[in-house]
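Just below is one structure, and these are the notes that go with it.
No lab work stands behind these numbers, since they all come straight from the coordinates. Keep in mind the model is a prediction, meaning the values are calculated, not measured. All Cβ positions, even for glycine, are placed from backbone atoms using ideal geometry, and neighbour counts span all protein chains on display.
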């Protein structure tokens, strides 16, 4: 053991010579954010539970429901034209709400957020990176679901820009609600509740069951849910060729502002 | 030297009704290794976390590299490295992946392959964090703290749970950090670690620094320069008989049973008399040693011996 080695003593025979001489500095913000977003996308796509939730379940539902008449559809037109927009909504919900809530809940529990707080990546940078990660996974989901739907004879209408507006506003809403849940509840409670809410909204959010099947009193309440505004809005555009469904965009925008504001006030990093 | 790397003055930190840190002062000179020692609950981690910007002080001031860790955190964080007590790493992340990702957050990171090799993590590179051994997890945490080439690192119990080889490898790395000009602040429970590594040792108890000096000075000042003869032998030796044959002013004690110390002005002659007394009784003084009081003795004297 050499405790008195002079500074230039190259006694680290094994391993390359390392020079720890301080040379501190943060990487440029965009590089940090892109690195963090890429890191989170890789982790999310590697997690089997997340893949089941975000990719496998929506894709299976697309194939099963659109192929044979398992659930009656509303109005004329092909079954796929009804289900494709609904399942895009389910895909956005699974990633921006359920997946994000569960991942963030466990990151808080494992101290990952605390550790990130010691790196040069600022908190706002971490939030931007998480948003990019969610949007990136959504692009993958919608591309995959679109491919399946097109193969099953789906004929989309409308303006893709309107779809983007709806998806981005819904993502903001769901992510705000996810952070609200993950930032205040224990990780296990978040895991259970996020999955439960996902199932409830699949049933009552116009994803697979047309909202017209509900009694009108209930229907008015369900129409105001963000998931219903998303699925209704997507159908207005993709099924009926609307330019921009203002009512649903308005509902989503209001939800997004409220959810993000409440989450920002309640979120605890540790 | 100039400005100290860390300057904590009158720090107070409360959690509800409990005061964890109670007027603590600490100065860390640039380029040194400072060990913060103290019993569990003494306020070590709270103090370090105030320096890292995780906690807002309830009183006093904290300056790290001349900056306020709470209000100037964005400027400070690229310049410091932090090793937390418990990983803070997602269980499904692979070791190398985590290190390479963290390196991307810095402008001039170390070569990650060399660092992996240096810390003996080469075989664990593709292993996920949850499958790493406790010691490998600790070493990865250390790597994450130094990869950004910081000026100052805070290491919270860097060798907890390490085996002997890994502990020595970690000590050598920490010593190289100092040689290369990095300031190191570490907390530890291990007195031999503090004694071997640290330039200065700050002993914290009940939220205050109760002693801060070099390990040598601490041992000398608090033991009045006394040396001791220590040995183990069958319990119940006749200590009064032993003292009768020694010069006046010496003390002899048996605590716990079978562990003997002879203290005071220990000269070679005293040593010879103790061993011939043992020889006359046909007692072998096992593990016989002559030495200064250790840092452990000083620590126990200062912080009390009761369990908490």
By how many degrees, 0 to 90 and rounded to 10, does the Cα axis of helix A:246-266 deviate from the longest principal axis of chain A?
30 degrees
For chain B, longest principal axis from Cα atoms; helix B:268-280 axis from its Cα atoms; angle between them, nearest 10 degrees, is 60 degrees
Modelled label-to-label distance, residue A:29 and residue B:165, 7 Å Cα→beta-carbon offset: nm?
4.7 nm
For the pair residue B:284 and residue A:186, what calculated FRET efficiency results from E = 1/(1 + (r/R0)^6), where r is the Cβ-Cβ distance and R0 = 56 Å, to the nearest 0.05?
0.40
Note: B:144-151 gets an average of partner chain Cβ contacts (10 Å, Cβ to Cβ) equal to 4
Across chain A, how large is the tail of the calculated P(r) beyond 27 Å, expressed as a percent of all Cα pairs?
44 percent
Using a 10 Å cut-off around each Cβ, can you sort A:42, A:265 from fewest to most neighbouring Cβ atoms?
A:265, A:42
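Quick check on region B:1-148: what are the equivalent-ellipsoid semi-axes from the Cα gyration tensor, as sqrt(5λ), descending, whole Å?
Details: eigenvalues 188, 66, 37 Å².
For region B:1-148, the ellipsoid semi-axes come out as 31, 18, 14 Å.
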For region B:114-176 and region A:131-165, compute the distance between their C-alpha centroids and round to whole Å.
44 Å
Just to be sure I understand the model, the point goes 7 Å from the Cα along the line to the Cβ. What's the resulting residue A:152 to residue A:253 distance in nm?
3.3 nm
Using R₀ = 56 Å, calculate the FRET efficiency as 1/(1 + (r/R₀)^6) where r is the Cβ-Cβ separation of residue B:74 and residue B:239; round to 0.05.
0.30
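Nearest 500 deg cm²/dmol is fine: what mean residue ellipticity at 222 nm does chain B get from its DSSP H runs of n ≥ 4 alone, each adding -39,500 (n - 2.57), divided by its residue count?
-9500 deg cm²/dmol
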Pairwise label distance in nanometres, residue B:12 with residue A:123, each label 7 Å out on the Cα-Cβ vector:
2.5 nm
Part-to-part distance (alpha-carbon centres) for region B:1-78 and region A:170-214, which is given in Å
42 Å
Residues of region B:200-221 with amide nitrogen under 15 Å from the 7 Å Cα-to-Cβ point of residue B:292?
B:200-201, B:212-221
Would you mind getting me the FRET efficiency between residue A:243 and residue B:30? Use the beta-carbon distance for r and R0 = 60 Å, nearest 0.05.
0.40
Give the angle, between 0 and 90 degrees and rounded to the nearest 10, that separates the Cα long axis of helix A:226-238 from the longest principal axis of the Cα atoms of chain A.
70 degrees
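Per residue of B:82-90, how many C-beta atoms from partner chains lie within 10 Å of its own C-beta, taken as a mean?
5
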